[in-house]
């Protein structure tokens with residue numbers, strides 16, 4: 001029990017702290033560029049939205065975890081539980097959708113041959129807003145069942161696979177309702193991860209051809225002197241790889257915990273970290289992207 005409290009109150013927040021600060025800095029940096037800068041790019045608004053989604057996800061996990069540590073399982077009440085769990089699910093979905101949009105925009109930017117997708121690419125920051133509104137509507141629909149079925153824990157001995165941080169839980173629903181929302185979440189993840197995977201593969205292939213062309217024309221000495229656009233694309237690929245790693249690690253780990261009906265506190269902490277791992281590390285990848293651009 002002492003070790004569990006140390007992990008929850010010290011180690012886990014110390015990992016999330018840099019993620020919170022990193023996302024705040026990314027948000028402020030791009031908001032300043034968008035408002036005060038002369039060169040307002042669509043990608044700035046996309047990154048602002050990604051930082052906001054990641055920040056909301058990390059804070060949601062922190063609220064859930066700290067409430068368990070201090071045994072304040074009912075301090076939110078039914079309304080608080082509905083809001084916190086709903087926003088947590090929304091933030092996760094928005095992060096997936098926004099990361100996919102970022103990948104698609106970068107792929108279209110670097111590859112001029114993608115004429116069909118180029119017509120859908122937002123040319124100004126204002127043209128990004130319909131995409132973001134669509135993401136909010138979609139994820140509100142996917143998470144809408146939580147507003148009805150999530151309630152606060154009434155007894156300290158309640159446990160189950162549908163418990164959220166031991167302070168809220170999902171009441172039983174009809175099988176058709178449960179499967180409907182599971183299918184919606186699965187469809188969303190499959191569609192956006194497929195777009196992410198396709199755009200990442202396209203960027204990787206384009207970079208491979210670019211490096212071969214540079215080696216052929218200028219020799220290996222100049223191969224590393226790639227343009228800021230190429231550097232930004234490489235960092236976007238790292239961002240996609242980071243997302244896919246944490247997404248599937250969380251999926252496999254959650255499936256294992258759920259199938260074995262394990263409720264060890266340490267496993268819950270590991271699961272929470274996998275859920276927020278991408279949100280914690282992504283701002284530092286974005287920082288490296290700007291460092292690359294600044295060098296040129």
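The rows are residues; the columns are (1) modelled with pLDDT of 85 or more; (2) not in a helix (DSSP H, G or I).
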{"site": "239", "(1), (2)": "yes, no"}
{"site": "244", "(1), (2)": "yes, no"}
{"site": "257", "(1), (2)": "no, no"}
{"site": "262", "(1), (2)": "no, yes"}
{"site": "269", "(1), (2)": "no, no"}
{"site": "279", "(1), (2)": "yes, no"}
{"site": "283", "(1), (2)": "yes, no"}
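Could you give every pair whose Cβ atoms fall below 6 Å, whose first residue belongs to segment 182-211 and is on the phi > 0 side of the Ramachandran plot, and whose second residue is assigned to a helix (DSSP H, G or I), counting only separations of at least 6 or pairs across chains?
none
So, in segment 146-178, of the ones that are surrounded by fewer than 19 Cβ atoms within 10 Å (Cβ to Cβ), in contact with a helix residue (DSSP H, G or I) (Cβ under 7 Å, 6 or more places away or on another chain) and in a loop (DSSP other than H, G, I, E, B), which residue ends up modelled with the highest pLDDT?
171
Residue 229 - would you say it is at pLDDT below 65 and either more than 22 Å from the chain's Cα centre (by Cα) or at negative phi (or both)?
No: the conditions fail for residue 229.
For segment 85-105, indicate whether the set of residues that are in a helix (DSSP H, G or I), within 23 Å of residue 169 (Cα to Cα), at pLDDT below 80 and over 14 Å from the mean Cα position of the chain (by Cα) is non-empty.
No: zero hits.
The values are calculated or read from the model by the stated rules, or taken from the named source; none is laboratory data. Everything quoted here is computed from the prediction, not taken from an experiment. Positions of Cβ are generated from backbone atoms using ideal geometry, with glycine treated the same way; all protein chains shown enter the neighbour counts.
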